[in-house]
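The values are calculated or read from the model by the stated rules, or taken from the named source; none is laboratory data. The structure displayed is predicted, hence computed values, not measured ones. Don't worry about glycine lacking a Cβ; one is built from the backbone with ideal geometry, like all the others, and counts go over all protein chains shown.
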Amino acid sequence: MADGKLIVFSAPSGSGKTTIVQFLLAQEELKLDFSISATSREPRGNEVNGKDYYFLSLREFKDKIKNDEFLEWEEVYRDNFYGTLKSEVNRIWAEGKNVIFDIDVVGGLDIKQIYPEKTLAVFVKPPSIEELKIRLKKRKTESDDKINMRVAKASIELATAPQFDHIIVNNNLNIALEEAYALVSDFMGAEKKSVK
Ligand code: 5GP
């Protein structure tokens, strides 16, 4: 669809944004499809290539940067590149769907800047940095070093929240899900009206 929309959910790692994005994807009337990012990091646990990410070697990732294949890309952590392929957005629009992104704050704001009218950019805030640390520890997918790296980054990311269209504070997951649903469906509705 030529006028497909872009829904960006950005947040510090561990804020619960992935749960929110998964919930929204299950709501068929929103016609959302997930933008699978490319990354040069190693797959974790049971992550699947082409489903969770397109896992590329550092070399492959850099070649795609050179060939201008990314809408946005970033070195989120040292030697860990992440990016949105232009082909991915086009794939979803061609299916007649809207694109939903689960990406970091810089990438999210880049997309908002590239497509200001088509994009709804939502920031998901953890209740506190302390709570974020507890959630990351519970997840048990990263070493203490990596957790500390993510917590340090979170403080910087929180400062960008006012640049987003909306902020959801994830204190209570059910309320956060309701808020997210309302924001996305309102945005779709408003956009439909403006097309006429
Ligand atoms: P993780 O390694 O935990 O899957 O992701 C690390 C960070 O990279 C998260 O904040 C995630 O949202 C971000 N990220 C994932 N995909 C992209 C992308 O396509 N572009 C950008 N800029 N960040 C991404």
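Across region 68-81, the qualifying residues are those that are surrounded by 14 or more Cβ atoms within 10 Å (Cβ to Cβ), part of a strand (DSSP E or B) and of a type outside the set (Phe, Trp, Tyr), and the one among them that is modelled with the lowest pLDDT is Val76.
Can you find, within region 8-26, the residue that is farthest from the ligand (Cβ to nearest atom) among those that are small (Gly, Ala, Ser) and within 13 Å of Phe123 (Cβ to Cβ)? Quick ask: steps written out before the conclusion?
First, pick out the residues of region 8-26 that are small (Gly, Ala, Ser): 10-11, 13-16, 26.
Adding the requirement that they be within 13 Å of Phe123 (Cβ to Cβ) leaves 10-11, 15-16.
Working: Ser10: 7, Ala11: 7, Ser15: 9, Gly16: 12 Å.
So, considering only residues that are small (Gly, Ala, Ser) and within 13 Å of Phe123 (Cβ to Cβ), the one farthest from the ligand (Cβ to nearest atom) is Gly16.
Summed over region 120-162, the residues that are over 18 Å from the mean Cα position of the chain (by Cα), touching a residue at least 60 places away in the same chain (Cβ under 8 Å) and either part of a loop (DSSP other than H, G, I, E, B) or at positive phi (or both) give a count of 1.
Is region 34-56 home to any residue that is assigned to a strand (DSSP E or B), near the ligand (Cβ under 8 Å from one of its atoms) and farther than 27 Å from Leu177 by Cβ?
If we filter region 34-56 for residues that are assigned to a strand (DSSP E or B), which is where we start, we get 34, 38-39, 49, 53-55.
Of the ones still in play, those that are also near the ligand (Cβ under 8 Å from one of its atoms) are 38-39, 53.
Then drop every residue that is not farther than 27 Å from Leu177 by Cβ, which leaves 38.
Taking every residue of region 34-56 in turn, at least one turns out to be assigned to a strand (DSSP E or B), near the ligand (Cβ under 8 Å from one of its atoms) and farther than 27 Å from Leu177 by Cβ.
Check whether at least one residue in region 42-61 is β-branched (Val, Ile, Thr) and at pLDDT below 95, and report yes or no. Within region 42-61 (the criterion being β-branched (Val, Ile, Thr) and at pLDDT below 95), the answer is no, since none of the residues qualifies.
Leu120 falls short on exactly one of the conditions (1) more than 9 Å from the ligand (Cβ to nearest atom); (2) farther than 18 Å from Val21 by Cα, and that condition is (2).
For region 96-116, how many residues meet the condition of being without any contact (Cβ under 8 Å) to a residue 60 or more places away in the chain and either within 8 Å of the chain's Cα centre (by Cα) or not in a helix (DSSP H, G or I) (or both)? So that I can check it myself, show each step before the final result.
Within region 96-116, the subset without any contact (Cβ under 8 Å) to a residue 60 or more places away in the chain is 106, 110, 113-114, 116.
Now narrow it down to the ones that are either within 8 Å of the chain's Cα centre (by Cα) or not in a helix (DSSP H, G or I) (or both): 116.
Here the count works out to 1.
Note on region 24-65: residues that are surrounded by fewer than 16 Cβ atoms within 10 Å (Cβ to Cβ) and of a type in the set (Phe, Trp, Tyr) amount to 0.
If you go through region 82-99 and pick out every residue that is within 12 Å of the ligand (Cβ to nearest atom) and crowded, with 21+ Cβ neighbours inside 10 Å, you end up with 5. Please pick out the residue among Lys31, Lys64 that is touching a Gly at 6+ places or on another chain (Cβ under 8 Å) and over 26 Å from Met188 (Cβ atoms). Every option except Lys64 fails the conditions.
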